[in-house]
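**Q** A single structure is presented below for examination.
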Amino acid sequence: MDLGDFEADNSVSCRLTSEIPDICTSEDCCLGIDEAGRGPVLGPMVYGICFCPVSRKEQLKDLKVADSKTLTEAERENLFQNISDAKDFVGWALQILSPNTISTSMLQRSKYNLNALSHDAAIGLVQYALDSGVQLKEVFVDTVGPAEKYEEKLSQCFPGLEVTVRPKADSLFPIVSAASICAKVARDHAVKGWSFTEDLGEVDTDYGSGYPGDPKTKAWLLKYQDPVFGYPQFVRFSWSTAKNLMDSKGSAVYWDDDEEDGEKAAARQNNTSMLSFCNRSTGSTAHGAAHQSHRFFTERRLQGLGAL
């Protein structure tokens, strides 16, 4: 699977698609939706769709697709190749949601939670298929949140389609199993080939499963935690695991707000207010030595201002 478009800038989300089979633009089609990587604190979440003519469902079964979580990595790779080889009647599309996109969405001023993000990714992929001329008739979805409410939401968005939302749909409907495999293979490739834009030297890639409860994952988070700026963009910093480690291991930072002056709060804690750094000379320290900016600023070509 070629993830070149995403790897060119893994700080933003990206859509990858197959060719649209001609038969899918002339015959009624079914479409399955599933995701991979919803729970991990590391790496992207990938939403996938797979579609084929209703008349070719049995041929899809012949590909031996199954829930991606029950398969080994090698089995998933082989099945994805089978899906790709069936390009005369099977198509797919993926929405890769970067860790940065997930975190900034969840932490923005007007909250945009993971369920809403997931729903919008799924809706966007169905709309892509329709806009591409796929003659959709049936949509099968692995649920996010209560199945009945999600099914009602999708039915309202796409009133002409027969929508079925079920828990564990990836083990019930082969077309969802195929979408699950596409999504999981894409996430595996994205995680394995992750390009760190931060200057971390030789990165230890033994980060375990990426799930918050994995000791290897926690150890990796601690190893690459900056006490002030947190984590590389590979990390979903909105996850409680990342936030709790920053609270317990990171440097305390105090901000001026309406309730209490930040300088006073910092002084009481024998610490420094963030605003005090805005008043320092960028050319030298109190002892006349040149001031060395933190790599966070130099990597982003940011310079301090003498006055506002």
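The values are calculated or read from the model by the stated rules, or taken from the named source; none is laboratory data. For clarity, every value in this text was computed on a predicted model and none was experimentally measured. We place every Cβ from the backbone using ideal geometry, glycine too, and count neighbours over all the protein chains shown. Heads up: the accessible areas ignore ligands, DNA and RNA and are worked out on the full protein's heavy atoms, side chains in. Shrake-Rupley method; radii C 1.70, N 1.55, O 1.52, S 1.80 Å.
**Q** If you go through the range 21-78 one residue at a time, how many are open to solvent by 10 Å² or more (accessible area, probe 1.4 Å), part of a helix (DSSP H, G or I), more than 19 Å from Glu162 (Cβ to Cβ) and among the small types (Gly, Ala, Ser)?
**A** The number of residues fulfilling the criteria is 1.
**Q** Has the range 115-131 got at least one residue that is surrounded by fewer than 23 Cβ atoms within 10 Å (Cβ to Cβ), touching a Ser or Thr at 6+ places or on another chain (Cβ under 8 Å) and either over 30 Å from Val235 (Cβ atoms) or not small (Gly, Ala, Ser) (or both)?
**A** Yes, because at least one residue in the range 115-131 is surrounded by fewer than 23 Cβ atoms within 10 Å (Cβ to Cβ), touching a Ser or Thr at 6+ places or on another chain (Cβ under 8 Å) and either over 30 Å from Val235 (Cβ atoms) or not small (Gly, Ala, Ser) (or both).
**Q** Count, please, the residues in the range 79-89 that happen to be surrounded by fewer than 18 Cβ atoms within 10 Å (Cβ to Cβ) and in a loop (DSSP other than H, G, I, E, B).
**A** Just the residues of the range 79-89 that are surrounded by fewer than 18 Cβ atoms within 10 Å (Cβ to Cβ), to begin with: 81-82, 84-85, 87-88.
Add one more test, that the residue is in a loop (DSSP other than H, G, I, E, B), and what stays is 87-88.
Adding up the residues that qualify gives 2.
**Q** Identify all residues within the range 4-13 that are open to solvent by 20 Å² or more (accessible area, probe 1.4 Å) and among the hydrophobic types (A, V, I, L, M, F, W, C); write none if there are none. Talk me through it step by step, then tell me what you get.
**A** Of the range 4-13, the ones open to solvent by 20 Å² or more (accessible area, probe 1.4 Å) are 4-5, 7-9, 11-13.
Result: Ala8, Val12.
**Q** May I pose another question? Consider only pairs whose beta carbons are under 6 Å apart and that are at least six residues apart or on different chains; among these, list those whose first residue lies in the range 198-210 and is under 20 Å from Phe229 (Cα atoms) and basic (Lys, Arg) and whose second residue is at pLDDT 85 or above and in a loop (DSSP other than H, G, I, E, B).
**A** From the range 198-210, no pairs qualify.
**Q** Being over 20 Å from Val191 (Cβ atoms) and surrounded by fewer than 23 Cβ atoms within 10 Å (Cβ to Cβ), is that true of even one residue in the range 90-104?
**A** no
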